[in-house]
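Input: a single structure, listed below in structure tokens.
The values are calculated or read from the model by the stated rules, or taken from the named source; none is laboratory data. None of the values given here were measured: they were computed from a predicted structure. Methodologically, a virtual Cβ is constructed for each residue, glycine included, from the backbone with ideal geometry; neighbour enumeration extends over all protein chains shown. Heads up: the accessible areas ignore ligands, DNA and RNA and are worked out on the full protein's heavy atoms, side chains in. Shrake-Rupley method; radii C 1.70, N 1.55, O 1.52, S 1.80 Å.
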Protein chains: 4
Amino acid sequence: MQTLDEAKRRKIQDAAEHLFATRPYHEVRLEDVAAQAGVGKGTLYTYFDNKQCLFASLLNDGITRLVETLQRQLNQAEHEPTRTLRIIVTALVDHALQHPQLFELMRFVPAPSRTSVRSARLQQLYDMLEQAIRRGVADGSLRDPHPELTALFIPGMLRSVMLFSKTLPSRKLLIEHLMRLITSGLLARETDRP
Amino acid sequence: MQTLDEAKRRKIQDAAEHLFATRPYHEVRLEDVAAQAGVGKGTLYTYFDNKQCLFASLLNDGITRLVETLQRQLNQAEHEPTRTLRIIVTALVDHALQHPQLFELMRFVPAPSRTSVRSARLQQLYDMLEQAIRRGVADGSLRDPHPELTALFIPGMLRSVMLFSKTLPSRKLLIEHLMRLITSGLLARETDRP
Amino acid sequence: MQTLDEAKRRKIQDAAEHLFATRPYHEVRLEDVAAQAGVGKGTLYTYFDNKQCLFASLLNDGITRLVETLQRQLNQAEHEPTRTLRIIVTALVDHALQHPQLFELMRFVPAPSRTSVRSARLQQLYDMLEQAIRRGVADGSLRDPHPELTALFIPGMLRSVMLFSKTLPSRKLLIEHLMRLITSGLLARETDRP
Amino acid sequence: MQTLDEAKRRKIQDAAEHLFATRPYHEVRLEDVAAQAGVGKGTLYTYFDNKQCLFASLLNDGITRLVETLQRQLNQAEHEPTRTLRIIVTALVDHALQHPQLFELMRFVPAPSRTSVRSARLQQLYDMLEQAIRRGVADGSLRDPHPELTALFIPGMLRSVMLFSKTLPSRKLLIEHLMRLITSGLLARETDRP
DNA sequence: TATGAATGAGGTTTCATTCAT
DNA sequence: GATGAATGAAACCTCATTCAT
């Protein structure tokens, strides 16, 4: 067979994801990954060129799935910009909660691959956010002189919570609070007052 | 020389900060730090217990300086909550720009010390933010059902920019955009329209 | 190669025995052991947990072989106590001469493992000596109020010679002189005199 | 003053003796010796050329004191050979019991100095034993075809007990048992029997 | 003379990667 | 394709010794 055993590839990735999320990149030994995956050490090299590539595959595959899911959702119909933002934020939160290790993983992306990883998939995510905001600015529903900065802000806020919050907030609360800050900020409005 | 030389300690820290910011933790060799600092390899161990502690000292000292500066500023006078937030954000941005490596450094904080570092000093920073927001909520100028989450968001946004922005925005723009999102969000208000 | 190679293990031990006998524990570099054994430095760690364990294995294996040989010999037939002592002394001398490094090695046994090494195997040797003497005392052929002390004395005498004698005596002379002192002491007897 | 502070020299030696007896040569750090002696690290080098010499001084001084004491005792009067042996054995046992670390120390004599240490003082001790035996052989009171071997045996027996005996025997018992083996061996004699 | 900060050679050990089976 | 024994570069850290004060 040309394509190696896809199930074994996943088994290796799962083992690696678990381990890389548990301890920093350099403290994860390929020997442990192999053991946890139930394969020989050498087998890893049949499926991945080296440690770095195995690691990168985890991030890439995760982000790829997220981005593809999002693209499917957003392409189904044209949404209002705010609605689009909510869809993206919801997907981000869901993805983060399903892969709580993800941000932990990204902490340890070794420098060289970081750039390449980002350019590949992450950029698409930032672009989606930026485009949604730009559409809102265009139709007058949003105001934002620097949508490219705001696009960076949003995953950053989520990341802070995933990494540094002592007790993870619920999915709903997380989404609502992100959307609240993104849309309305903190200032009390006149209309809020009696 | 009879007493530990504080200037030499700084020289070592400066060399380490430079190196740790350039490449990930495990790719920085203490030998290089020593060489760059112009001291012997063993001298590092006179000033820092081990590699991890040297690294931690960079983060701790940096955050400590930031927090202390902030406390001095804020204790001078009582400010409106929004003004307090701006002072903190300004200090954060200034600190980030003066130590562009700082967030890069934190990326590689090995797990064990991360917690301790945070609890020690970082927590004070989060607390300052949270208290400012709570004061605003109390006096009616701000609305925020979860100030502790918002306090996490703010440094997260800054971090995203410092790490992932291709071209660093100017100090002023960064501060203004952060404050804009924090206070007003993105929604265009009625009063904004003609 | 799929299974640990027992021959290679021996090759490593032989190299180590040679080196450890040549210079004290801390002056033997594992790098040299590997070179002399014709294996890579890391290979040592496939066969032995660390330097200490490699070293301990030399002593343990040596003493184990000696004790097992002795047990085989003594179990073949019931001997008179004096004959048993001679068999043990002969085996000790032969072993010492075949492994002239052995006592040299024991000089440097790091403290912690010394105890354990002794309790494990060495104790069996002391016990054999002590039991032989006790049997002689019981059957009236020997007199000894403290066989446990005498059992300690015998290897001690051999050791002195192996370590401190400028010119090693012959096997036969060594055995005879040990047995002479053990059985008869130095006093001239009446019957010796004309 | 030409001669450095002799009391300080002793303080250093006492500290070193304690430490060297506790753990093997290479695990004793000069820093610890200095600390225990209550002096600076550099001071050690005022009194001893280097670690090796400090260590050697402990053995040399100890053996020198023993040998000098013995020479004084033996020169007072002419003794029968057996009496001379008893005097030496007694002195050896006393010295061993007063410096229980001594044999422990010798275990770790680094190879190079061992020879030199021995030639210097230890040889005198062996010579005393050997001469006493030779005198006994000459006057017909002792029989020993190899007094030089027997001279090696005697300290070896004592050493075994000091190092390997689980419970140290009393001074008297140790002396008596050594003398018993040396003089009479283990064989029951006809005259022993009723 | 006394000190202890500074030094750096050298030791042990780890682990990504290779390759014979 | 799968395995795991073998490899060796490279890292951290120790500690005897020096020397400026």
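The spread of Cα positions in the stretch D:1-48, taken along each principal axis and listed from longest to shortest, comes to 35, 16, 16 Å.
Residues in the stretch C:160-166 carry Karplus couplings, in order, of 3, 5, 4, 8, 10, 5, 5 Hz; the curve used is 6.51 cos²θ - 1.76 cosθ + 1.60 with θ = phi - 60°, and Gly or Pro positions show x.
What shape does the stretch B:124-194 have by the C-alpha gyration tensor, where a ≥ b ≥ c are the square roots of the eigenvalues, rounded means a/c under 1.5, and otherwise prolate means a/b greater than b/c and oblate the rest? Oblate shape, in that a/c is at least 1.5 and b/c is the bigger or equal ratio.
Between copies, the label points of residue A:124, set 7 Å from Cα on the Cα→Cβ line, lie 4.5, 6.8, 9.0 nm apart, reported in increasing order to one decimal in nanometres.
Taking every residue in B:23-34 and counting other chain Cβ atoms within 10 Å of its Cβ, the average works out to 2.
For the stretch A:130-138, putting each phi into the Karplus relation 6.51 cos²θ - 1.76 cosθ + 1.60 with θ = phi - 60° gives couplings of 4, 5, 4, 5, 4, 4, x, 5, 5 Hz, in residue order, rounded to whole numbers and with x for Gly and Pro. With label points defined 7 Å past Cα in the direction of Cβ, position residue B:145 shows copy-to-copy spacings of 3.2, 9.4, 10.5 nm, given to one decimal and shortest first. Counting only Cα atoms, the size of the protein assembly as shown along its three principal axes is 141, 79, 43 Å, in decreasing order. Approximating the spin labels as points 7 Å out from Cα along Cα→Cβ, the residue B:83-to-residue A:5 distance works out to 6.9 nm. In this assembly of identical copies, the label point of residue D:172 (Cα plus 7 Å along Cα-to-Cβ) is separated from its counterparts by 4.5, 9.1, 10.1 nm, sorted shortest first.
Put simply, the stretch A:52-186 fits an ellipsoid with semi-axes of 24, 18, 14 Å; these come from the alpha carbon gyration tensor as the roots of five times its eigenvalues, largest first. Toward the positive end of the charge dipole of chain A, about the Cα centre and with charges on Cβ (Lys, Arg +1; Asp, Glu -1), which of A:38, A:137, A:79 goes farthest? Of A:38, A:137, A:79, it is A:38.
Treat every Asp and Glu Cβ in the protein assembly as shown as -1 and every Lys and Arg Cβ as +1, leave all other atoms uncharged, and give the resulting dipole magnitude about the Cα centre to the nearest 20 debye. Numbers along the way, then the final one.
Working: 104 positive and 88 negative charges, 14 e Å.
My answer is approximately 60 debye.
Under the classification rounded if a/c is under 1.5, otherwise prolate if a/b is larger than b/c and oblate if not, where does the stretch C:4-111 fall, given a ≥ b ≥ c as square roots of the Cα gyration tensor eigenvalues? Because a/c hits 1.5 or more and a/b exceeds b/c, the stretch C:4-111 counts as prolate. Say we join alpha carbon atoms closer than 10 Å with springs in a Gaussian network model of chain A; which of A:24, A:100, A:145 then has the biggest fluctuation? The residue that fluctuates most here is A:145.
Rounded to the nearest 10 degrees, the inclination of helix D:51-76 to the longest alpha-carbon principal axis of chain D is 40 degrees. Quick check: Cα centre of the stretch A:62-81 to Cα centre of the stretch D:1-66, how many Å? Taking the Cα centre of the stretch D:1-66 as reference, the centre of the stretch A:62-81 is 77 Å away. In chain B, helices alone account for a calculated mean residue ellipticity at 222 nm of -23000 deg cm²/dmol, with every DSSP H run of four or more residues adding -39,500 (n - 2.57). Taking all protein chains together and rolling a 1.4 Å probe, residue A:176 ends up with roughly 80 Å² accessible.
What is the magnitude of the charge dipole of chain D about its Cα centre, with +1 placed on the Cβ of each Lys and Arg, -1 on the Cβ of each Asp and Glu, and no other charges, expressed in debye to the nearest 20? Working shown, then result.
On the way: 26 positive and 22 negative charges, 61 e Å.
Value, rounded to 20: 300 debye.
Between 0 and 90 degrees, the angle of helix B:6-22 with respect to the longest Cα principal axis of chain B falls at about 70 degrees. For the cross-link pairs C:51/D:51; B:11/B:51; D:11/D:51; B:41/C:51; B:51/D:41; A:41/C:51, the ones whose C-alpha atoms lie over 18 Å apart are C:51/D:51; B:41/C:51; B:51/D:41; A:41/C:51.
Of A:15, A:34, A:138, the residue with the greatest mean-square motion in the GNM of chain A, using alpha carbon springs below 10 Å, is A:138. Considering only chain A, the C-beta nearest to the rotation axis that sends A to C is found at A:42, 4, the distance in whole Å. With contacts taken as Cα pairs under 8 Å and at least 6 residues apart, chain A reaches a relative contact order of 21 percent. Between D:134, D:180, D:121, find the one with the highest GNM mean-square fluctuation for chain D; connect C-alpha pairs within less than 10 Å. Comparing D:134, D:180, D:121 in a Gaussian network model of chain D, the most mobile one is D:180. The mean number of Cβ atoms from other chains found within 10 Å of a Cβ in peptide A:139-152 is 5, as a whole number. Counting only protein heavy atoms and a 1.4 Å probe, chain A has 47 square angstrom of accessible area per residue.
Counting Lys and Arg as +1 and Asp and Glu as -1 over every other residue whose Cβ lies under 12 Å from the Cβ of residue D:88, the net charge comes to -1. Relative contact order of the stretch D:1-48, taken over Cα pairs closer than 8 Å and 6 or more residues apart, is 38 percent.
Against the criterion of solvent-accessible heavy-atom surface with a 1.4 angstrom probe, D:80, A:68 sort, most first, into D:80, A:68.
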